[in-house]
Amino acid sequence: MSDGNTLWHGRFVGGPSEALRALNDSLSFDRRMFREDIAGSRAHVQMLQEVGLINTAELSEILEALDVVENEMEEDNFDWAPSDEDIHTAVERRATELTQAAAKMHTGRSRNDQVANDVRLVAINEIDSLTEVLASLIKALFARVEEVYEQEIYLPGYTHMQRAQPVNLAHHLAAYCWMFLRDVERLGDARRRSDVSVLGAGALAGTSLPIDPQIVADELGFSKLFMNSLDAVSDRDFVADLLYSLSVLGVHISKIGEELCLWASSEFNFVELDDAFATGSSMMPQKKNPDVAELARGKAGRLIGNLTGFLTTQKGLPLTYNKDLQEDKEPLFDSCDTVRLTLVALTGMITTLSFNVESMQSSADSPYAAATDLADFLVERGVAFREAHATVAGLVRQSLAEGSELADLVTGHSELGPQAAELLQPGGGRNRRNSHGGGGEAAVAAQIEKLRDLVGALP
Ligand code: ARG
């Protein structure tokens with residue numbers, strides 16, 4: 001069959017045009033699923049033998065041929081033929097060259113259920129591997145959380161990109177740990193939806209042959225089995241679920257990427273990047289650029305693009321298999337590869353950067369950052385919050401207008417006084433905010449305790 005004939009040539013006179021092949025063939029990108037495809041074939045022929053559609057001699061010949069095919073592909077010495085339209089045809093073509101018994105391999109099966117099952121296995125494998133890579137990032141971040149908690153480093157917390165209140169750096173970095181832990185959960189959700197065996201649905205409507213899809217599902221380790229063959233061959237929701245989880249993860253990566261770009265700028269100067277995770281300029285010798293953080297920020301666009309492109313392809317597709325579904329693989333592979341690459345680099349960058357404690361802390365040390373703490377001081381002494389807010393706002397206004405020190409105004413104020421003025425000391429009120437989940441030292445300690453358990457349970 002390596003003469004260029006297709007698997008479906010029986011009904012056709014003459015071969016397909018070059019243009020059709022170029023458009024239609026998916027081998028260039030689906031060959032990376034060869035392991036999953038061969039695993040599916042092994043399970044399928046195992047089942048064919050168990051239900052009596054092939055005998056044990058045929059089974060062992062086919063399994064042997066599949067081992068050879070897998071080995072050739074693994075070793076990269078597989079002889080691809082012009083007729084190999086996709087990975088499924090390539091595997092079957094080569095197996096049949098190795099043993100005639102393999103001509104029975106496709107009994108009771110269609111490429112429609114085969115490809116859907118392969119992509120499910122790919123999704124599961126990718127999710128497991130990406131979860132580990134994401135876990136490494138979370139662990140690296142959490143190590144920095146514990147380190148800066150010990151060192152009691154703080155920085156300005158921002159709202160509207162304006163300095164708001166001094167915050168422990170551990171609290172700030174831990175926020176990203178929570179985001180990424182939710183991404184682990186989201187990947188788990190996508191995994192559950194992928195974990196359904198659909199091999200045995202046939203082309204669309206099942207088969208009259210006495211196959212047993214449950215055997216195949218068990219053999220491949222799937223937890224669930226499809227219930228409707230039409231749905232089984234056309235459902236790609238699990239791909240959308242995975243692309244969505246990777247998009248949200250991408251958004252989180254882009255947020256921390258942007259934050260690191262800002263922090264590495266001369267204007268902020270909050271972090272110093274390790275040389276191994278920064279680049280230089282070909283023209284400006286003084287430059288040290290945060291390319292890793294910029295790409296972390298930028299890759300989100302492509303991840304969201306893969307999701308929206310894929311959903312658009314799905315939209316309006318009638319039951320059941322349509323060739324449009326072949327468009328599931330490239331966005332899926334690209335999003336997985338993109339996230340993997342980015343996570344690894346980001347992890348390295350976060351592990352190796354150093355914090356410019358002096359810059360961070362002095363930016364947070366403006367006495368005005370303690371305004372809320374001053375209001376809280378009055379509230380603790382029975383003043384209504386609105387009144388307290390107005391009193392402190394008045395002092396801030398006066399200090400700015402007169403150019404006088406806020407500390408002096410506070411010290412001299414009848415309701416505030418020297419005790420309240422202590423809140424204006426560098427880093428002043430940051431450890432007083434110990435409400436649940438707050439940024440004070442005790443609240444952060446409780447949070448770290450909880451995080452330590454969750455991080456410890458990661459793969
Ligand atoms: N390469 C195809 C895909 O990825 C395999 C299924 C083709 N089925 C068919 N009946 N043409 O979707």
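Some notes on this structure:
- The condition (being among the charged types (D, E, K, R) and over 30 Å from Leu249 (Cα atoms)) is satisfied by just one residue among Arg340, Arg452, Arg381: Arg381.
- Boolean, Val344 is away from the ligand (no atom under 16 Å from the Cβ) and surrounded by fewer than 17 Cβ atoms within 10 Å (Cβ to Cβ): yes
Matching residues to (1) in a helix (DSSP H, G or I); (2) over 39 Å from the mean Cα position of the chain (by Cα); (3) under 30 Å from Leu181 (Cβ atoms):
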residue	(1), (2), (3)
Asp408	yes, yes, no
Ser414	no, yes, no
Ala421	yes, yes, no
His436	no, no, yes
Ala442	yes, no, yes
Ala446	yes, no, yes
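- Condition met for Asn112 (closer than 29 Å to Ala205 by Cα, out of contact with any Pro (no Cβ under 8 Å at 6 or more places or on another chain) and within 16 Å of the ligand (Cβ to nearest atom)): yes
- The residue of the range 196-215 that is surrounded by the fewest Cβ atoms within 10 Å (Cβ to Cβ), among those that are without any contact (Cβ under 8 Å) to a residue 24 or more places away in the chain and not in a helix (DSSP H, G or I), is Ser208.
- Residue in the range 423-434 that is farthest from the chain's Cα centre (by Cα), counting only those that are part of a loop (DSSP other than H, G, I, E, B) and not small (Gly, Ala, Ser): Gln425
- Of the residues Ala102, Ala164, Ala123, Ala175, the single one that is more than 16 Å from the ligand (Cβ to nearest atom), touching a residue at least 60 places away in the same chain (Cβ under 8 Å) and aliphatic (A, V, I, L, M) is Ala164.
- Considering Arg120, Arg193, the condition of being crowded, with 20+ Cβ neighbours inside 10 Å, in contact with a helix residue (DSSP H, G or I) (Cβ under 6 Å, 6 or more places away or on another chain) and of a type outside the set (Asp, Glu) is satisfied by Arg120 alone.
- Considered as a group, the residues in the range 314-331 that are among the polar types (S, T, N, Q) and assigned to a helix (DSSP H, G or I) include one that is nearest to the ligand (Cβ to nearest atom), and that residue is Gln326.
- Filter result for Gly309 (without any contact (Cβ under 8 Å) to a residue 24 or more places away in the chain and out of contact with any Lys or Arg (no Cβ under 7 Å at 6 or more places or on another chain)): yes
- Residue match in the range 163-186 (condition: surrounded by fewer than 19 Cβ atoms within 10 Å (Cβ to Cβ), in a loop (DSSP other than H, G, I, E, B) and not polar (S, T, N, Q)): no
- Positions within the range 293-339 being within 23 Å of Ser129 (Cα to Cα) and among the hydrophobic types (A, V, I, L, M, F, W, C), in sequence order: Ala293, Leu295, Ala296, Ala300, Leu303, Ile304, Leu307, Phe310, Leu332, Phe333, Cys336, Val339
- Remark: pairs (first residue in the range 46-75, touching a residue at least 24 places away in the same chain (Cβ under 8 Å); second residue surrounded by fewer than 14 Cβ atoms within 10 Å (Cβ to Cβ) and not in a helix (DSSP H, G or I); Cβ separation under 8 Å; 6+ apart in sequence or on different chains) = Val51/Pro210; Gly52/Pro210; Leu53/Leu209; Leu53/Pro210.
- Filter result (without any contact (Cβ under 8 Å) to a residue 40 or more places away in the chain and in a helix (DSSP H, G or I)) within the range 265-286: Asp275
- Any hit, the range 35-57, residues being away from the ligand (no atom under 14 Å from the Cβ), over 28 Å from Pro210 (Cβ atoms) and either surrounded by fewer than 18 Cβ atoms within 10 Å (Cβ to Cβ) or more than 39 Å from the chain's Cα centre (by Cα) (or both): yes
- Residue in the range 319-330 that is touching a residue at least 24 places away in the same chain (Cβ under 8 Å), under 30 Å from Asp86 (Cβ atoms) and of a type in the set (A, V, I, L, M, F, W, C) present: yes
- Verdict on Asp241 being acidic (Asp, Glu) and surrounded by fewer than 14 Cβ atoms within 10 Å (Cβ to Cβ): no
- Across the range 69-99, the number of residues qualifying as acidic (Asp, Glu), assigned to a helix (DSSP H, G or I) and within 16 Å of the ligand (Cβ to nearest atom) comes to 1.
The numbers here are math on the coordinates, done by the rules we state, and not lab data. Because the structure is a prediction, the values reported are computed rather than measured. We place every Cβ from the backbone using ideal geometry, glycine too, and count neighbours over all the protein chains shown.
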